[in-house]
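The values are calculated or read from the model by the stated rules, or taken from the named source; none is laboratory data. Quick caveat: nothing in here was measured; it's all calculated off a predicted structure. Cβ: placed from backbone, ideal geometry, glycine included. Neighbour counts: every protein chain shown.
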Amino acid sequence: MSIVYRKDQKKIMEYTSGTMGIQAVPGAGKTFIITNLVAKLLGDMSSKDDKRKILVLTYMNSAANNFKSRIRKILSDNEISSNNFEVMTIHSLAMKVIKENSNLALIEDEFEIIDDIKKGIIISDSIEKFREIDDNDKKLTFFISKEKRDNKKFIEKWEKEFNFLVRDSIRLLKYANIDDGKLKEITSSGYRGILTLISPIYSSYQESLRLEGYLDYDDILLMAYNILANNSDIAKKYQEKYLYVFEDECQDSNLIQGKIIDIIADGKSNRKKSSKNLVRVGDVNQSITGTFTGSNPSHFIDFCSNADCSFNMNMAGRSSRDIIDLANKLVEFVNNDKDSLYYGSLENLFIEEVEKGKGYKENPNLDEYLINASSVSNGSEELDKIVAICNYYKEKYPNFSLGILTFSNYEVDAISQNLEAREITHERLGSNPKHRKKLISDIGKILEFLIFPTRVENFIEILDNCFLQRLESIELSDEDKANILGFFGEYLNLKSSEYSTPIELKQSNPKSNADRLYANIEGVVYSLDKRKEFFRRLSTRVDDMVEHAFFRDFDRFLDGVKGICEYSQSDLGKLIKFICSCFNLSDEEKMLSKYIFFYVDRLTRVENIDLNALLPYFDSRYSRVFDSAIDGIYDMGEKEIEPGSITIATLHKSKGLEWDAVIITGINDSDFPSKLTDYFRVDRKYLRDDYRYPEAFVNMEIENILNGISQDVKHFEIGLKRDLVAERVRLLYVGITRAKKSLFLLNSRQKYIESINLNLTKKDSEFFVELKRKIDGVRGRIGND
């Protein structure tokens, strides 16, 4: 069956050469148009026996896999026998350039790529080394206001913030082509500024990378760019290999990435404006990757302005007319007042409904207005309102999928706990779901057993969590598991009332009894005779069909416990690595274990740490040390949202997803600021007044190094806030456009923050007020009608 293209897609499909920019609104089908255009061009190339290739670049491995499978299917359906295309991430392309030209990269053949998680760990090491020199620790506390320098809470807060500041500063310095040697030279004599602190840490960080054979993602991009920019013969090789280059999600691109792509795409077209065959696709209004990271949607805007041809894909069939109107209202509002801080936060790109009766997937058509907004007094009311909405949809629209979106992981946790208490089934996206933190929790239980070996309840928790819940060769019912745990309690002469499933044993036995119980555990672990006797007694509790396989695996488990108990604790990194080797790990957990080992290894290098000090890092309830690694490993990819399901996620993680109904909560003036007088998260009030925005100082100093422009730091503070406001507006826009049929905007004007034991005022954001005015106006007209 031939494809019928919409009117905003037809011109795009006529593309044959040159540069083309495509801005696509949410739900416009940009993946559909890219894959079909690539397949069409491949068919044309095949008919001409052109052996060159098409290169498709994106920013996530999951997206790359999606593009590959879709292009292959289209080629197969159209009987086009061509494999002349490659799909990869921009970092994979950079690695390809480096590996194929390793003699020019000036690096060892064996090197390891570290991601931002490992990068942060090494930067922490470098900061610790810096603090240990002379009075450098005082230089850091100098930033904290005098009356708060003795407050441990503020010291720890600044240490964490300073780590992020250094990480992002190093990225910006690299993108500005200022290496550690050049910065050291600049700051060595008479230089006054925050970069004097960054410089030695930058040098220490780069030295660690060089000594250990590491490269970070920024190094890869810069190295690949320098190879291509300084060697025209090598650049020509890639230019001749790829006839067309496509780049997806261009709003998240940075300057170096753009330069690499420009070089590879060059030399193919005879058009007047450009010699490139380059197609870039994205949506500036969905640029939410974070300020102060080097990515800038203006690069994509400039490209579209100067391209041979530029098109907007305005039509989208995802959302109802009512939701489209609300999203467009936000676009209109932020482009209305030129004097506002948020002016121009969204491009003037308005969503249109798809044409009806043309054979396209049409927008949802509803008989009632399912848009609402509510401002409530406090957090309890907000949570009650969320529960009421969930119950409303369950009763009236049982097949509606529901997404509950909020700004922070903290809020995701609070909402999830509230739904659990009300027995409302739901799923959380991100690093918090328990199964994703199981490895963290299990390692913590092992460490606790090593610290307190006489606490028999610790051993039974290991048996339950690290063995019974990880069995792969056989499947035990909950009853089987309860019988096994029950038998173990009886074997250790514990009263049945002292255990349950999940096991929670009271510490009520006399010390002499505890010693005897520990001896029983020791016997099972170390004595083969006692283990055989234990197995003989346990056999009466296990089904004959699974007995052999169960005892084989249980034997291995006890051998693993024995090995862990005997393993040296002089190197905690290696101990953690050995513990992980004793588990049946999923593929994702195997990846996570490498992060854990890397972190503990680096931690023990800079701190004199023992098991007791290490244990809190593996408290899965409170520790967020490994959250970034978990987020990266458990990538959602093309997640399918089930009808009738409830999902809780941060607004950032909602991008690329869609639900029938969406609740956006916490739309306040601190998370969604609109004026300079609003609270900004970059406003660190515990720092000295003149250093409350250290990022502004970094931006100012880099700009002055590059261009010699002496701008006042206030100029950069306002720029920093303007960028942050724009990003938050786009985040709200993303949340609104996740909804297909129904939308509820929500804010509580006061929130209790447990960590500081205070109720904080959370005024309605100006954007919330304006959208609520729009919603109430429509509801008023409907009521009058």
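The criterion of at least 3 residues that are in contact with a Gly (Cβ under 9 Å, 6 or more places away or on another chain) and within 21 Å of D631 (Cβ to Cβ) is met, among helices (runs of 4 or more DSSP H) falling completely within region 116-183, by 152-175. The number of residues in region 420-470 that are closer than 30 Å to F400 by Cα, in a loop (DSSP other than H, G, I, E, B) and in contact with a Leu (Cβ under 9 Å, 6 or more places away or on another chain) comes to 3. Residues in region 589-622 that are among the charged types (D, E, K, R) and free of Cβ contacts under 8 Å to residues at least 60 places away in the same chain: 5 in all. Out of N747, N699, N704, one residue alone is assigned by TED's automatic domain parsing to the domain that holds T406, polar (S, T, N, Q), crowded, with 18+ Cβ neighbours inside 10 Å and outside any strand (DSSP E or B). It is N699. Taking the condition in the same structural domain as I227 (by TED's automatic domain parsing), out of contact with any Phe, Trp or Tyr (no Cβ under 6 Å at 6 or more places or on another chain) and crowded, with 16+ Cβ neighbours inside 10 Å, does E86 pass? Yes; evaluated as a whole, the condition is true for this residue. Of the residues making up region 146-198, those that are of a type in the set (S, T, Y) and buried (at least 19 other Cβ atoms within 10 Å of the Cβ) are S169, Y175, T187. Within region 685-696, restricting attention to residues that are within 25 Å of the chain's Cα centre (by Cα) and touching a residue at least 40 places away in the same chain (Cβ under 8 Å), the residue that is surrounded by the most Cβ atoms within 10 Å (Cβ to Cβ) is E695. Can you say whether N163 is within 28 Å of the chain's Cα centre (by Cα) and on the phi > 0 side of the Ramachandran plot, as far as the supplied structure shows? Answer is no for this residue. Residue count for region 25-54 under the criterion of being part of a strand (DSSP E or B) and either in contact with a His (Cβ under 6 Å, 6 or more places away or on another chain) or farther than 16 Å from R70 by Cβ (or both): the result is 1.
Among residues of region 704-725 that are over 19 Å from G193 (Cα atoms), those with a beta-carbon under 7 Å from a residue that is of a type outside the set (A, V, I, L, M) and surrounded by 13 or more Cβ atoms within 10 Å (Cβ to Cβ) at least six positions away or on a different chain give the pairs K721/F680; D723/T291; L724/T291; L724/F680; V725/Y342; V725/S345; V725/P673; V725/S674. Does K7 meet the test of being basic (K, R), over 22 Å from I261 (Cβ atoms) and touching a residue at least 24 places away in the same chain (Cβ under 8 Å)? Yes, satisfied. If you go through region 656-687 and keep only what is of a type in the set (F, W, Y) and part of a loop (DSSP other than H, G, I, E, B), you end up with F672, Y679, F680, Y686.
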